[in-house]
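Rule-based calculations on the coordinates, nothing more; no lab input. Note that the structure is predicted; figures quoted are calculated from it, not measured. Positions of Cβ are backbone-derived with ideal geometry, glycine not excepted, and every protein chain shown enters the neighbour counts.
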Amino acid sequence: MGIKVSLKRAGVSGVDKYIANAPKAVQGKLRKIRAAIREAAPGATERTDYFQLPGYSYEGYDYDGMFVWFSFKKPNVRLHLRPPVIQNHKKELAGCATTKAIVGFPADRAISMALVKKLVKASLESRARCRGAWMWMARYCYWPVVHLVSTFDHHSTQQ
């Protein structure tokens, strides 16, 4: 199982290890995305217990409180979000590879941290709207990340 770390604790975390194991060329971008998420979601729990990906959660909500993850898979730095977020920001995400729940920012281009923060806040809002929703809303609130990651990987190899 991965590591669950409060942002208030110091020391090496699973997220630090994840970034250190990424190619040197993208480590700075991953650190910036991490900082943008922390700024947009103060007090969130930083963890790597879901597929060993850096993720963030708040207690008391669906999907174990998870609302955003980040990762790197060549050629993209990826932000994993709740599906409505990507659909609601399609115009702003033009030029990025997207699936229902993943935004792929090309690693060789600058990433707008203002956009990352906006997407993280939208994911938080989406999570809050889903709290206490009926089961028929599950397709918006509970989404199979395993399937979405494999779908993204399939689509990214098709390009």
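Among the GluC sites (Glu not before Pro) within the range 22-86, those in coil by DSSP and having at most 13 neighbouring Cβ atoms inside 10 Å are GLU59. Loop-located chymotrypsin sites (Phe, Trp or Tyr not before Pro) across the range 38-80 with a Cβ neighbour count of 16 or fewer within 10 Å are PHE51, TYR58, with loop assigned by DSSP.
Amide H contacts under 5 Å for ILE102: LEU81, restricted to partners 5 or more places along the chain or on a different chain, H placed in the peptide plane at 1.01 Å from N.
Strictly over 20 Å apart at the Cα level, which of LYS90/LYS121; LYS29/LYS91; LYS24/LYS100 would you flag in this model? Long pairs (Cα-Cα over 20 Å): LYS29/LYS91; LYS24/LYS100.
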